[in-house]
1. So, counting K/R as plus one and D/E as minus one, what does the shell of residues with Cβ under 15 Å around HIS119 add up to?
2. Of GLN55, GLN197, GLY94, which is farthest along the charge dipole of the chain in the positive direction, counting Lys and Arg as +1 and Asp and Glu as -1 at C-beta?
3. What do you get for Rg/Rh of the chain when both radii come from the Cα atoms and Rh is the Kirkwood radius?
4. Given points 7 Å out from each Cα along the Cα-Cβ axis, report the GLN138 to GLN52 separation in nanometres with one decimal.
5. List the lysines whose Cα sits under 24 Å from the Cα of LYS84, skipping any in the same chain fewer than 8 residues away.
6. As a test of understanding, state the convex hull volume per residue of the range 1-121 from its alpha carbons, in Å³.
7. What is the range 32-71's relative contact order, in percent, from Cα pairs under 8 angstrom and six or more apart in sequence?
8. Order these by the 10 Å Cβ neighbour count, fewest first: TYR102, TYR113.
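Derivation of every value follows stated rules applied to the coordinates shown; laboratory data play no part. Computed from a prediction, not measured in an experiment: that's the story for all the values here. All Cβ positions, glycine included, derive from the backbone under ideal geometry; neighbour counts span all protein chains shown.
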Amino acid sequence: MRRSLVVGNWKMNGTSESVRQLVDGILAGLPQGKAVDAGVCPPYVFIPQVAQQLQGSQVLLGAQNVADQDSGAFTGEVSAPMLKEFGCQLAIVGHSERRMKYGESDALIAARYQKAIEHGVRPILCIGETLEQREAGQTFDVVDEQLDAILNQAGIDSLRHAVIAYEPVWAIGTGRTATPDQAQEVHAHIRQKLAAQDSTVAEQVQILYGGSVNADNASELFAMADIDGGLVGGASLKVDSFLAIVQAAGENS
Ligand code: 13P
């Protein structure tokens, strides 16, 4: 049985004061005794502050990206050993905003993923198609290609230490969510593809859905057989909506 996981991707939002309040609120209201893990991915600069606030709690801490190198002349990058030192257990890799707005390639994303795995930081690998690709009937091909880049570089076994997030680009920040059936169809496809290489890994890996998840639609999404939780943007910036989503995942696990 897979545990549910809900991770907040705060993207480039917050001040030290708003972050303090958000984390306090999450800690105060987190559902107890449910089979769900919650995590937050603040902007890098807030990681030390959030790590301190989360001390002694079960809430997981993650970064929004991770370097493809350990150290050296790589201006603007933050490495897995650095994240580890500051208590990060998770790192998002391959977010569509990184792919599309910053030109990150499948190869670079695979190298970032590999570094996270190597240093014991659990990557949350984001994959998903654009609207144009969906309308052209290319959804499965696109996610297959994104997954193959990872499988070829890091191998199927690496997914024992990773999480996948299916995030259709057209559903991110648009208020337009994939229907539970649309999301389930892709999640099942991903699991099937992995099962061709290793059925245990396919069965165990958590596959999160991301794209306009909110307190109102979370339950029906998480009720689907292959959806194990969510990667949440906008709705993770408010205590009440984030907690409601975590609660919904706990009830569906
Ligand atoms: P929204 O929940 O704001 O659509 O963002 C989803 C996302 O990109 C999570 O990584």
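1. Combined, the nearby Lys, Arg, Asp and Glu give -1.
2. GLN55
3. Expressed as Rg/Rh, it is 0.93.
4. Between GLN138 and GLN52, the simple spin-label model gives 4.8 nm.
5. Cross-link targets: LYS11, LYS115.
6. Normalising the Cα hull of the range 1-121 by residue number yields 120 Å³.
7. Worked out over the range 32-71, it gives 49 percent.
8. If I rank by nearby Cβ atoms, fewest first, I get TYR102, TYR113.
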